[in-house]
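S.K.: One structure, as structure tokens, below. Some questions next.
The values are calculated or read from the model by the stated rules, or taken from the named source; none is laboratory data. This one's a predicted model, so the numbers in the text were calculated from it and none came from an experiment. Because the Cβ atoms are built from the backbone with ideal geometry, glycine has one as well, and the counts that use them run over all protein chains shown. For the accessible areas, the whole protein counts, side chains as well, though only heavy atoms, and no ligand, DNA or RNA atoms are used. Shrake-Rupley method; radii C 1.70, N 1.55, O 1.52, S 1.80 Å.
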Amino acid sequence: LSKPLVIENEAIDGAPTLIGSIEQRTLLSFGDTAFATGMPDNKGPLWQLYRPGKALIDPDTDETLGYEAIYLGDASIQKHDAVTTLKITKSVLDIQKGDNFIQSSAGSNNNYIPRSPSIKIRAKIISIYGGVDQGGQNSVITLNKGRRDGLENGHVLALYKESEISKFKGDSYTLPSLRYGLVFVFRTFDKVSYALVMQVQRTVQLLDSVETP
């Protein structure tokens, strides 16, 4: 649950960047040494490597909420300097020059108390982790609401299928929204959140809604 990442707009500019390797290797993986610039000296030795992916756009306001990041692996600082030396401790994809670093969430508080939000929250699914259009139980979804909207780790929300229009004998009827499952918010950012689909009775789709139960 610590791997999905959203990189917010202000975090992209000035992010620590991989600039080279021993023997000028093009692709790096587990055990390789990497060199980076822009690495702060006050955020600990553990870092995650990522590559910026697609923009996350709020379907209601067209605001760019951040960028979905492609998780590449983990690294540990060996020596901090203007050009910092790191050891790659895990790789799930090939790592290369130009990839960025973000502080690792390892060791953060992952103890969540499941609870309903104390305020009315309504959000939409803007991405399903893995780049797919549909999901199911145990899928990880991205919501267009975050800490600024009152969402917290541990919040449980109900899944709803968007209401549809039904026509009968020339008349149009708006059908009620259908509740079909529950999601569990496990990682929040300022403008977006990640949630795990816990219970579901139908396919999870982009732009479906979640609400305070």
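S.K.: Tell me the mean residue ellipticity at 222 nm calculated for the chain from its helices only (DSSP H runs of n ≥ 4, each -39500 (n - 2.57), averaged over every residue, nearest 500). Walk me through the numbers before you get to the answer.
M.R.: On the way: 1 runs with 4 residues, N = 213.
Roughly -500 deg cm²/dmol at 222 nm, from the helical runs in the chain.
S.K.: Considering only protein heavy atoms and a 1.4 Å probe, what is the carbon-and-sulfur percentage of the accessible area of the chain? Don't skip to the answer; put the middle values down first.
M.R.: Details: 5470 of 11040 Å².
Answer for the chain: carbon and sulfur cover 50 percent of the accessible area.
S.K.: Treating the beta-carbon of each Lys and Arg as +1 and of each Asp and Glu as -1, no other charges, what is the dipole magnitude of the chain about its Cα centre, to the nearest 20 debye? Don't jump to the answer; show the numbers that get you there.
M.R.: Values: 23 positive and 24 negative charges, 124 e Å.
Approximately 600 debye in magnitude.
S.K.: Also, quick follow-up: Under 15 Å from the Cβ of Q201, count the other residues' Cβ atoms, weight Lys and Arg +1, Asp and Glu -1, and hand me the total.
M.R.: Numbers: positive: K161, R179, R202; negative: D208.
My count for the surroundings of Q201 gives +2.
S.K.: Using bins 5 angstrom wide from zero, how does P(r) for region 59-173 break down, in % of all Cα pairs?
M.R.: Spelled out bin by bin, region 59-173 gives 2, 7, 13, 14, 17, 14, 11, 9, 6, 2, 2, 2, 1, 1, 0 percent.
S.K.: What whole-number value in Å² describes the accessible area per residue of the chain for a 1.4 Å probe? Don't skip to the answer; put the middle values down first.
M.R.: Working: 11040 Å² over 213 residues.
On a per-residue basis, 52 Å².
S.K.: Oh, and also: Could you tell me the extents of region 107-213's C-alpha atoms along the three principal axes, largest first, rounded to whole Å?
M.R.: 60, 30, 22
S.K.: Once all Cα-Cα distances of region 1-143 are split into 5 Å bins that start at 0, what whole-number percent is in each one?
M.R.: That works out to 2, 9, 17, 18, 18, 14, 10, 7, 4, 1, 0, 0, in percent per bin.
S.K.: Can you check what the net charge comes to around D32, using other residues whose Cβ is under 13 Å from the Cβ of D32 (Lys, Arg +1; Asp, Glu -1)? Don't skip to the end; give the middle numbers.
M.R.: Values: positive: R25, K87, K90, K97; negative: E23, D74, D94, D99.
Computed value for this residue: 0.
S.K.: Compute the length gained on full extension between D60 and N9: take 0.36 nm times their separation in residues and subtract their Cα-Cα distance, giving the result in nm to one decimal. The partial results should precede the final answer.
M.R.: Details: separation 51, 0.36 × 51 = 18.36 nm, distance 1.85 nm.
Length difference between fully extended and current span is 16.5 nm.
S.K.: How large is Rg/Rh for region 19-77, to two decimals, with Cα atoms and a Kirkwood Rh? Before the final figure, lay out each step's value.
M.R.: Details: Rg = 15.4 Å, Rh = 14.0 Å.
Ratio of gyration radius to Kirkwood radius for region 19-77: 1.10.
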